[in-house]
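J.: Pasting a structure below so you can have a look.
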Amino acid sequence: MTETALACYVYCIAPADDVPVLEGLAGVDPAFEVERLTQGELSAVFSRVGTEEFGSEPLKRNLEDLGWLERTARAHNRVLARALAGDAVVPLRLCTIFADEDGVRDTLRRERERLLDALARVRGRTEWSVKMLADAGVLTAAVREHSSVPAGSAAEAAGHAYFARKKLERVARDDARAMIRQVAADTHARLRDHAAAATTLPPQDRQLSGRPGEMILNGAYLVERSSTAEFAAVAKELDASHRELGLTLELSGPFAPYNFVTAAAQPK
Amino acid sequence: MTDRHPDVMTEREVSLVEILDRALGAGIVISGDITISLADVDLVYLNLRLLLSSVGTILDGHDHASDPEPLSIGRRDDGSA
């Protein structure tokens, strides 16, 4: 029956004395449930995977298959979401795979310091995403309304009306650009004040995110569990106060602290 | 932005790109026997864009106005968080 070779797919690392209950949860290979393995103070949350699907070569092919990628990424995310029930969890990049349990144990031994350090950093905290999206039309109109360029100037001379209008539109657009950069920076600073750490990520590709409007802020915030409600309230308030400018805030989470497990991701 | 309590948001559909940006673009990188390289990550995104531009007409046919939630790429998975 077990003709297929198996490997160990590791999702995350948790403290050995605080591993969340993950029994009965299917792994990225649905034939196998999530297990844990302990080495010293560290536990690895993993599941078995068939190498005919997760081996080096098949994996490369499978990553190009959108259906496979989505299934795998969602299964990975589901395990992390459940693991978040624990106090501290360090997420690993998708598809971190070891030949066997000994390989996992060796790594827990070898990376012990780095992993303990990461666990300490995220203990009692989860990651939240706040995105700010701009409706360019509404924003330009709002800026034009408040613009220092008098609206009447466009009608001054009939011959120049077209160019004047074009100029006005350009000024409004440039003003709008400068303004949303400032608004995004202010919004991020405000949210950062309510987070243990914060970072900005590149805006998501509009085509990939499927969102209308331009993403002007893609912030990630490491928030104390006890401050979650407060953080959400600040985000909600910021959302309400920017609506008339055509700017909306979108809060999502909690996520495993993907963006805060390395020392480099601590710009605060 | 939702009015629901933050804890409830885990039940919301998380878009695939949201998951990939974190699970592929971040997280601690430990070299396993098999580990996705940065080049692999770039390739995944490149493929996503190629695939999406080819299904763009399907997505464009979707009524965005009636769907304020982020549009998921591909199938929906109710068990996800």
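J.: Go through A:237, A:230, A:244 for me and flag whichever is within 11 Å of chain B (Cβ to nearest Cβ), out of contact with any strand residue (DSSP E or B) (no Cβ under 6 Å at 6 or more places or on another chain), loosely packed, with under 14 Cβ neighbours inside 10 Å and at pLDDT below 95.
T.: A:237 is the lone residue from the list that is within 11 Å of chain B (Cβ to nearest Cβ), out of contact with any strand residue (DSSP E or B) (no Cβ under 6 Å at 6 or more places or on another chain), loosely packed, with under 14 Cβ neighbours inside 10 Å and at pLDDT below 95.
J.: Test each condition in (1) in a strand (DSSP E or B); (2) open to solvent by 20 Å² or more (accessible area, probe 1.4 Å) for residue A:253 and report the one that comes out false.
T.: (2)
J.: Does residue A:169 qualify as being closer than 24 Å to residue A:77 by Cβ and open to solvent by 20 Å² or more (accessible area, probe 1.4 Å)?
T.: no
J.: Name the helices (runs of 4 or more DSSP H) wholly within segment A:3-110 that hold at least 3 residues that are charged (D, E, K, R) and under 15 Å from residue B:24 (Cβ atoms)?
T.: Because the criterion is at least 3 residues that are charged (D, E, K, R) and under 15 Å from residue B:24 (Cβ atoms), the helices (runs of 4 or more DSSP H) in segment A:3-110 that meet it are A:66-83.
J.: Checking the structure you have, find out if any residue of segment A:24-32 is of a type outside the set (A, V, I, L, M, F, W, C) and open to solvent by 60 Å² or more (accessible area, probe 1.4 Å).
T.: Within segment A:24-32, one or more residues are of a type outside the set (A, V, I, L, M, F, W, C) and open to solvent by 60 Å² or more (accessible area, probe 1.4 Å).
J.: Quick one: count up the residues across segment A:187-196 that are touching a helix residue (DSSP H, G or I) at 6+ places or on another chain (Cβ under 9 Å), open to solvent by 60 Å² or more (accessible area, probe 1.4 Å) and part of a helix (DSSP H, G or I).
T.: Within segment A:187-196, residues that are touching a helix residue (DSSP H, G or I) at 6+ places or on another chain (Cβ under 9 Å), open to solvent by 60 Å² or more (accessible area, probe 1.4 Å) and part of a helix (DSSP H, G or I) number 1.
J.: Now, a different point. Between residues in segment A:43-58 that are within 23 Å of residue A:22 (Cα to Cα) and residues that are hydroxyl-bearing (Ser, Thr, Tyr) and surrounded by 17 or more Cβ atoms within 10 Å (Cβ to Cβ), which pairs lie under 7 Å by C-beta distance while being six or more apart or on different chains?
T.: A:45/A:11; A:46/A:9; A:46/A:11; A:47/A:9; A:49/A:9; A:54/A:9
J.: Look at segment A:82-123 and say how many of its residues are surrounded by fewer than 18 Cβ atoms within 10 Å (Cβ to Cβ) and under 19 Å from the mean Cα position of the chain (by Cα).
T.: 2
The values are calculated or read from the model by the stated rules, or taken from the named source; none is laboratory data. Note that the structure is predicted; figures quoted are calculated from it, not measured. Neighbour counts are summed over all protein chains in view; Cβ atoms, including those assigned to glycine, are modelled from backbone coordinates with ideal geometry. In case anyone asks, the SASA skips ligands and DNA or RNA and just uses the protein heavy atoms, side chains included. Shrake-Rupley method; radii C 1.70, N 1.55, O 1.52, S 1.80 Å.
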